[in-house]
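This report concerns only the one structure given below.
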Amino acid sequence: MSKNTNHFINYSLLSYVSIAIIIASLLSFSGCLNKNDKTILNNTNEENITQEKEIKITSVVNIESLKPTGNLHINVGETYTYIIYDNPIMNARTLLSNSSNDVWCEPIRVDIFLHIEKIEQINGSNYYVLQSERREIYPVCYHNVNGKIIKVDVGKALYPNEKDDPFIYGGCVIGINKNNLSAHNVPLGKNFGLCYETQIYKPWMLYLNESVGFVEKNYIKMGNNEVEEIIETTIIGEGKINNFVCFKVQRIYTLVSPIDTQKHIQAKDIIYVDKYRRIAVKYEHYVFAHGGYIPWEKFELKDAKILK
């Protein structure tokens, strides 16, 4: 993850190709949304352990051939609280001097409050305007300097004439096209933090089907070559969490280049999508390295204040 980088790109996998470091598996957390309740909180009682139903995919088609199976259900005035888990180690290595590669960090855990502020007309279309509250974090990292382990609050100024440079989460404004839900989310205003809320709703969530998977293709220009990115989406189960049912969705990302037509796996997402509202309530991102998937980042719905 790049520090203070806007996540309005489609999580293009080229940014993950160079990742070769692993972090301890992130804490497991669950939460889904019930359309009939105003506020849902996560619960750790044994009765609320996730139960999943196996689903068999009978065919995989291009997304263009499908019709929506649901609609986006959000309302102005609602607030969603997401817990974000992130791995700051890649940035810490570049920020800590004399650290070589001997650096490790405590995972970041931060709550982000996402408000559905209003509906605004932009270029003739009505947009839901989503605003997240800004959080500044100073990751705790450790590095080995000449055999001595040093603890550092990354981003804190070391000298009187320096300024703090925290990791920024949230503080973003995005628009979802209410008139055309197939359009991608757009940034509105200045967005300096890591905008995880861009992953909360994506047009593909409208096309989920328990028996049909689908494929999307993107084309990325790299010098004189054009690399094809293939995203294969399938429902691999249903997660029943706190008595609320979500689709459990798997998205596999692969790259194909003109000089090498073999598919190369780059990453995988596991996303729990609320079956009624069609928003993500749990998102896990894994990078593919050394023949396996490495957990890298995730967010999940902690609390939701819903308007009936």
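FYI, it's all coordinate maths here, none of it is from the lab. Just so it is clear, the model here is predicted, and its values are computed rather than measured. For neighbour counting, all protein chains shown are included, and Cβ atoms are generated from backbone atoms with ideal geometry for every residue, glycine included.
For this structure, a couple of remarks:
- Separation of the ASN62 and ILE259 label points, Cα + 7 Å toward Cβ, nm: 2.8 nm
- In this calculation the C-beta distance from LYS151 to SER211 is compared with R0 = 51 Å, giving a FRET efficiency of 0.45.
- VAL245-TYR138 FRET efficiency (beta carbon distance; Förster radius 25 Å; 0.05 resolution): 0.05
- Residues THR81, THR58, arranged from fewest to most other Cβ atoms within 10 angstrom of their Cβ, appear as THR58, THR81.
- Assigned charges on the beta-carbon of Lys, Arg, Asp, Glu; region 180-304 dipole about Cα centre (debye): 280 debye
- Relative packing of 260-266, 180-186, which averages over residues the other C-beta atoms within 10 Å, highest first: 180-186, 260-266
- Using the Cβ-Cβ distance between ILE122 and ILE220 with R0 set to 22 Å, the FRET efficiency from 1/(1 + (r/R0)^6) comes to roughly 0.20.
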